[in-house]
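The values are calculated or read from the model by the stated rules, or taken from the named source; none is laboratory data. This one's a predicted model, so the numbers in the text were calculated from it and none came from an experiment. Quick reminder, even Gly has a Cβ in these numbers, built from the backbone with ideal geometry, and neighbours come from all protein chains shown.
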Amino acid sequence: MQLRVPWLVALFTAVAIHACPHEDHHHGHGPERRAYPQVTLAPPNRPLEWGDVNIIHTTDSHGWLLGHQKLSFPEPNYSGDLGDFASFVTHMKQLALEKDVDLLLVDSGDLHDGTGVSDGFPPGGLDGHESNKFLFKLPYDIMAIGNHELYIYNITYDMHKTFAPKLNGRYLSSNVNLTVTDEFGKNVSVPVGNRYVKFKTRKGRKVTSLGVLFDFTGNDAGTIVQKVEDMVKEQWFSEAIKEEPDFFLLAGHMPVKTSDHWPTVFNAIRAVHPTTPILILGGHTHIRDCVQYDGRSMALESGRYMETVGMFTLQSGANLDHKGSTKNLTFSRRYLDTNRVTYEFHSGRRNSTFDTLQGKSITKGLNDLAEQFNLSMFYGTAPHDYTLTRAPYPSNDSLLSLYAEAMTYSLTVNNSRADIPHIMIATAGSQRFDIFAGPFTKNDQLTASPFENFFSYIPNIPLSIARQVLPTMNGVATSKRRRELDEERYARGDVDVQYRAWLEEMDRRASLYGTERRDDENVTLGYVTSDSCPGVGDDIPHTPLPFFPTPDYTGSDAPTGLPDDTPIDLVFDNFTQDDLLTALNALQGERVYTAVDAQPYSDVLAKAILGIYAQKYWN
């Protein structure tokens, strides 16, 4: 569902910040940054709380450096680009100087896989190599590795050789190594970045930082992820935490809920330092969340895709700066929508005074990169929005339904097996983001479907068996097996279950407490966060996104009008293969199918399917 904007204009004429009518706006097909939000957005309803220690937090940016530039809500809420964010950070640093407090900038990983500026590189390039250069320009105090830095060895190596050195010891990979060749030609295992770092803040506070990754199992050969429970037993870990700092700053790609392993790290530190403040900046599950493990700690997770910037504040006073205190500390957190209205409000700037030279340079550089990658290549015009969770599946508005339809065309173009009846199945996780009405470009294609999944097939499967495979894969028989599958996918880096459970709970609370969604409500669609930290975390009130459950796998309809024993091609992507083979073998006993039976079906990769389809049907 999409909210219209006229009521916004009427409501906020007196208080909202409007686009200047004399400013130039881009109206092309590409992902160019618009100079200002093209719809009226409400400003935050209260100022930020500042403390003695403050942290601006980003995580799971996944290449979303040019901002969200579609007009369907909630996209305008997140329309700020990295240049806007850089200007915001500069102004906030100045405010921190004026207030004489500490302000740190921290990122918790996953810089790759998500948009054209990271994934749209030409042949011979490398995901994120060019887009990551713009992050060097921001004054990050700490950055931590994410699992998307580890799926491909060459990306990990690039982070080790190119990215980490730019952070001067502040790019942390406490439990992540890669194998490299040393000066003597021998293979050695070394940390991707640094295991830990100790530094002093501007105000002279001593900080010990680590960068921890969850127990990830989907990493490429040549990389090693040590289990968190084993990491805290290492000698280097004991040495790192032995000396008591003024506070521990733990940044890492791991959700802050106690069901994951931040408590493992937290408890290991608490065993040595029972009262030292511990500040945790997590990530990975793409949600807004906050947890306090005790009265002298707080853990914050700040969303995904540059939709959210977190503000972490420690109202310290004497309880922080005098060691030995056992009194509870006062923390606060805020989840900021990433747009210029938000940034200008909290930095105390106007549209005419907000942009810094550095910010404008970053924006220009990103737009130049988009042009270099030809991200404005036009495939067609999407007739309406196609969403992952805001429309039921199957339906005309479901992106997974669209993708299933697109596969049947795009994979059979110039394919010698096109005339052989088939059923096509793909993992729903290959679709990462919604498609919105209007021009559909190379950038939109990569945003919706960035992965290079390839397709195979098994021939001569009886139609009566093949039509049961997709329902079997989506209908796991027992809740125990469902939990096992979810745990396996999570370990390989899939966070769809966790993110969608968050959206579903948001929608459930709205229904439970009678929140109505009407076009004339005084709020836009967006996140409505409920976490376990005191106070209200969201910076701007929203009405929750409608939520509909989605399957693990999507697929084409079975051929009709054919006898049940008709042999057909069963087509699937590589991320689907293991579960498909399990289902296929459970449905028949004639033979045991293995990976050896899978043959290449098409040269078309998952990330190209929607573009090929759009060229045919959306022009």
Of all residues in the stretch 103-126 being crowded, with 22+ Cβ neighbours inside 10 Å and more than 22 Å from M377 (Cβ to Cβ), which is farthest from the chain's Cα centre (by Cα)? L103
Among the strands (runs of 3 or more DSSP E) confined wholly to the stretch 363-472, which include 3 or more residues that are crowded, with 24+ Cβ neighbours inside 10 Å? 422-427
Take G146 and tell me if it is under 18 Å from L213 (Cα atoms) and surrounded by 23 or more Cβ atoms within 10 Å (Cβ to Cβ). yes
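Each row is one residue, and each column tells you yes or no for (1) surrounded by fewer than 19 Cβ atoms within 10 Å (Cβ to Cβ); (2) within 23 Å of the chain's Cα centre (by Cα).
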| site | (1), (2) |
| --- | --- |
| V232 | no, no |
| P245 | no, no |
| V256 | no, yes |
| N267 | yes, no |
| V272 | yes, no |
| G283 | no, yes |
Assess whether D569 counts as being over 30 Å from G114 (Cα atoms), crowded, with 16+ Cβ neighbours inside 10 Å and among the acidic types (D, E). yes
Can you pull out the residues in the stretch 55-77 that are hydroxyl-bearing (S, T, Y) and crowded, with 23+ Cβ neighbours inside 10 Å? T58, T59, S61
Listed by first then second residue, the pairs whose first member lies in the stretch 479-497 and is within 16 Å of H253 (Cβ to Cβ), whose partner is modelled with pLDDT of 90 or more and exposed (fewer than 14 other Cβ atoms within 10 Å of the Cβ), with beta carbons under 7 Å and at least 6 positions apart or on separate chains, are A491/T217; R492/T217
Suppose the filter is assigned by TED's automatic domain parsing to the domain that holds D113, touching a Ser or Thr at 6+ places or on another chain (Cβ under 7 Å), among the acidic types (D, E) and surrounded by 24 or more Cβ atoms within 10 Å (Cβ to Cβ); does D52 pass it? no
Test each condition in (1) closer than 17 Å to S108 by Cα; (2) of a type in the set (F, W, Y); (3) touching an Asp or Glu at 6+ places or on another chain (Cβ under 8 Å) for Y196 and report the one that comes out false. (3)
Show the residue pairs that are 6+ apart or on different chains and have beta-carbon atoms under 6 Å apart, the first residue being within the stretch 255-279 and touching a residue at least 40 places away in the same chain (Cβ under 8 Å), the second being of a type in the set (S, T, N, Q) and surrounded by 18 or more Cβ atoms within 10 Å (Cβ to Cβ). P255/T285
Whichever residue in the stretch 104-128 is touching a Pro at 6+ places or on another chain (Cβ under 9 Å) and among the polar types (S, T, N, Q) and, among such residues, is farthest from E307 (Cα to Cα): S118
Inspect the stretch 536-547 for any residue being without any contact (Cβ under 8 Å) to a residue 60 or more places away in the chain, touching a Phe, Trp or Tyr at 6+ places or on another chain (Cβ under 8 Å), within 26 Å of Q431 (Cβ to Cβ) and surrounded by 15 or more Cβ atoms within 10 Å (Cβ to Cβ) and give the result as yes or no. yes
Starting from the stretch 448-473, take each residue that is more than 13 Å from L581 (Cα to Cα) and list its partners that are assigned to a helix (DSSP H, G or I) and at pLDDT below 95, counting only C-beta distances under 7 angstrom and pairs at least six apart or across chains. S449/S430; S449/K607; P450/D119; P450/K607; F451/S430; F451/K607; E452/K607; N453/S430
Count - residues of the stretch 63-98 that are over 20 Å from the mean Cα position of the chain (by Cα), closer than 28 Å to L210 by Cα and not aromatic (F, W, Y): 10
Mind listing whichever residues of the stretch 149-176 are aliphatic (A, V, I, L, M), touching a Gly at 6+ places or on another chain (Cβ under 6 Å) and surrounded by fewer than 20 Cβ atoms within 10 Å (Cβ to Cβ)? none
